[in-house]
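Okay, so here's the structure we're looking at.
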Amino acid sequence: MYQFYSPNMFIKIFINNLMFALCLYQLVLSSTSMSNARRYKMFAQFMAIGSQYFYLCICSETLDDCNTKIERAIGNSGWYTCSAQIRRDLCMILRRVQRPNHLRFYQGMIVISLIYFLRVIKISYSMVNFMRMKGAA
């Protein structure tokens, strides 16, 4: 199932990155020649794309936070006083939750997190600045 969704998510992430950058480009560079109604529409589209992308990154962070909470709960539960079978089961769960649990695709090549979201914003601004410099020359 993991491999089934991976190509679709790669396309979704790529298109989100591209739409974010292009909307930012249109807002920053062509805002003087737009009517107010069109400017508000572009701003609303940019906010919708940014909010949707931010929500995806926050959901990934929430998954990782829940993993950390499970790890702490098992550590504080006094699991070492339980029977051997329960200890074995809890150790298996503990091994699983000790790794980060962000959404990731293509064997960790794309890891969705707030850090990734900030990278997308920085790259988008770099692209806008590059296009601004290219247009000025």
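Values in this text are rule-based calculations from the coordinates and carry no lab data. Bear in mind the structure is a predicted one, so any value in this text is a computation, not a measurement. Here the Cβ positions follow ideal geometry from the backbone for every residue, glycine too, while neighbour counts run over all protein chains shown.
Some points to look at:
- Partners of K134 within straight-line reach, counting lysines whose Cα lies under 30 Å from its Cα and excluding those fewer than 8 residues away in the same chain: K12, K41, K122.
- Among Y125, Y25, Y80, the largest mean-square fluctuation in a Gaussian network model of the chain (Cα springs under 10 Å) belongs to Y80.
- Amide N proximity, the stretch 91-109 versus F14 label position 7 Å along Cα-to-Cβ, cut-off under 16 Å: 105-107, 109
- Debye equation applied to the C-alpha atoms of the stretch 34-94, log10 I(q)/I(0) at 0.17, 0.22 Å⁻¹: -0.70, -0.86
- Separation in nanometres of the label points that stand 7 Å from Cα toward Cβ, at T32 and I110: 3.7
- Acute angle (nearest 10 degrees) that the helix 114-136 long axis makes with the longest principal axis of the chain, alpha-carbon atoms: 20
- Cβ-derived FRET efficiency at R0 35 Å, C59 paired with T81, nearest 0.05: 0.45
- Stokes-Einstein translational diffusion, the chain - Kirkwood Rh over all Cα pairs, 0.890 mPa s, 25 °C, in µm²/s: 136
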